[in-house]
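A quick write-up on the structure given underneath.
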Amino acid sequence: MRVLVTGGAGFLGSHLCDALLGEGHHVIALDNLLTGRQDNIAHLASDSRFEFMEADVCGPFDCGSVEYVFHFASPASPVDYMIHGIPTLQVGSIGTFNALEYARRYRAKFFMASTSECYGDPTVHPQKESYWGNVNPIGPRSVYDEAKRFSEAATMAYLRYHKLDTHIVRIFNTYGPKMQINDGRVIPNFMKQALTGEDLTVFGDGTQTRSFCYVSDEIEGIVRLAHSNEHEPTNVGNPNEFTMLQCAEKVLEVTGSKSKIRFEALPQDDPKQRRPDITKARTLLGWEPKIDLPTGLKLSLNYFKAAVAQTATTAK
Ligand code: UDP
């Protein structure tokens with residue numbers, strides 16, 4: 001089938017393109033390259049079943065008839081979405097409407113990449129899909145959190161009013177090869193710092209938690225959900241929870257680095273704890289993450305080493 005992936009040159013979007021091509025589909029990746037990178041899809045250039053279209057999902061675009069629309073376009077790291085606050089709000093509102101309308105025009109299925117950020121700074125732990133969240137609607141993270149919450153509302157409205165076949169995944173902190181080394185997220189930051197001998201910058205006292213999912217596990221869950229009949233949001237993440245101090249220690253172990261840890265100010269509204277309840281994904285999709293954090297960091301090590309070396313060459 002012909003499939004459209006918005007944000008197809010981003011970290012997750014490009015991994016999704018690989019997986020969909022692996023299933024035998026014809027894949028069109030649409031990306032305005034605001035935070036996506038052509039490097040992520042360079043290996044697909046000679047694949048006749050792959051097309052790249054440089055365009056903004058917020059504007060007009062036409063890539064012909066498709067049977068599935070995966071809406072993955074959006075800055076996703078806190079550093080990126082705070083720099084690009086207004087484009088983030090636009091892609092989660094105008095962009096989501098455009099992607100939904102595109103799916104409606106061709107009666108295609110629609111898949112929305114949502115996020116654990118919908119839960120905000122959660123007061124319920126671990127987070128089940130039925131929890132409505134605790135989001136500051138005017139804080140610095142609101143450009144992302146509220147855009148994704150709006151996207152979920154829009155997706156559910158197209159399901160209800162237009163009977164579009166829609167699916168929503170709530171993605172929890174995902175990491176692995178193709179992450180941009182300077183995107184500011186904790187794993188690329190710690191890996192870069194460890195590999196260059198800089199101090200690892202732990203924000204706050206490092207007791208805040210995240211649960212990290214290796215990218216191949218995340219993509220497997222997403223693909224299974226895309227094939228399912230489930231319309232309501234489904235958490236896909238790894239429930240193994242770490243404090244940021246533990247995460248820093250794991251990165252030091254895996255890299256064998258002698259870097260020290262330095263504490264820096266905690267950003268405003270930084271969620272204190274995050275862990276998915278994945279009972280629904282387990283029962284509905286028979287999905288279970290397989291790769292723990294130390295293993296995933298080892299699998300990512302060569303990529304991060306190459307990315308650090310490339311950054312050093314470019315900086316010269
Ligand atoms: N963090 C950190 N040091 C860094 C970058 C991030 O301690 O150099 C912390 C950040 O404050 C947050 C957690 O790591 O508590 C995860 O941050 P990230 O930006 O990866 O994503 P988030 O889960 O906050 O969207």
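The values are calculated or read from the model by the stated rules, or taken from the named source; none is laboratory data. This structure is a prediction, so every number in the text was calculated from the model and none was measured. Using ideal geometry, Cβ is built from the backbone for each residue, glycine included, and neighbour counts are taken over all protein chains shown.
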Any hit, the range 227-237, residues being within 13 Å of the ligand (Cβ to nearest atom), closer than 24 Å to VAL5 by Cα and of a type in the set (Gly, Ala, Ser): yes
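Yes or no, residue by residue, for (1) surrounded by 14 or more Cβ atoms within 10 Å (Cβ to Cβ); (2) within 16 Å of the ligand (Cβ to nearest atom); (3) within 19 Å of the chain's Cα centre (by Cα); (4) aromatic (Phe, Trp, Tyr):
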residue	(1), (2), (3), (4)
GLU249	yes, yes, no, no
LYS260	no, yes, no, no
LEU284	yes, no, no, no
GLU288	no, no, yes, no
GLY296	yes, yes, yes, no
LEU299	yes, no, yes, no
GLN310	no, no, no, no
Within the range 155-168, tally of residues that are surrounded by fewer than 19 Cβ atoms within 10 Å (Cβ to Cβ) and at negative phi: 7
Close pairs from the range 218-236: first among the small types (Gly, Ala, Ser), partner part of a loop (DSSP other than H, G, I, E, B), Cβ under 8 Å, at least 6 apart: GLY221/TRP287; GLY221/PRO289
Any chance PHE72 is more than 14 Å from the ligand (Cβ to nearest atom) and within 16 Å of VAL169 (Cβ to Cβ): yes
Flag if LYS192 is within 14 Å of the ligand (Cβ to nearest atom), out of contact with any strand residue (DSSP E or B) (no Cβ under 9 Å at 6 or more places or on another chain) and either modelled with pLDDT of 95 or more or closer than 24 Å to LEU16 by Cα (or both): yes
Residue match in the range 269-279 (condition: of a type outside the set (D, E, K, R) and within 11 Å of the ligand (Cβ to nearest atom)): yes
Failed item, numbered, when VAL135 is tested on (1) out of contact with any strand residue (DSSP E or B) (no Cβ under 9 Å at 6 or more places or on another chain); (2) over 23 Å from HIS227 (Cα atoms); (3) without any contact (Cβ under 8 Å) to a residue 40 or more places away in the chain: (1)
Neighbours by Cβ (under 6 Å, 6+ apart or cross-chain): first from the range 106-130, surrounded by fewer than 24 Cβ atoms within 10 Å (Cβ to Cβ) and in a loop (DSSP other than H, G, I, E, B); second hydrophobic (A, V, I, L, M, F, W, C) and modelled with pLDDT of 95 or more: ALA108/VAL66; ALA108/VAL69
Among the residues listed as VAL169, VAL135, the single one being under 26 Å from LYS280 (Cβ atoms), in contact with a Leu (Cβ under 6 Å, 6 or more places away or on another chain) and either β-branched (Val, Ile, Thr) or away from the ligand (no atom under 16 Å from the Cβ) (or both): VAL169
Qualifying position, being crowded, with 18+ Cβ neighbours inside 10 Å and more than 16 Å from the ligand (Cβ to nearest atom), among GLY256, GLY221: GLY221
Any strands (runs of 3 or more DSSP E) falling wholly within the range 1-82 and containing at least 3 residues that are touching a residue at least 40 places away in the same chain (Cβ under 8 Å): 2-6, 68-71
Residues that are within 14 Å of the ligand (Cβ to nearest atom) and in a loop (DSSP other than H, G, I, E, B), drawn from the range 138-164: GLY139, PRO140, ARG141
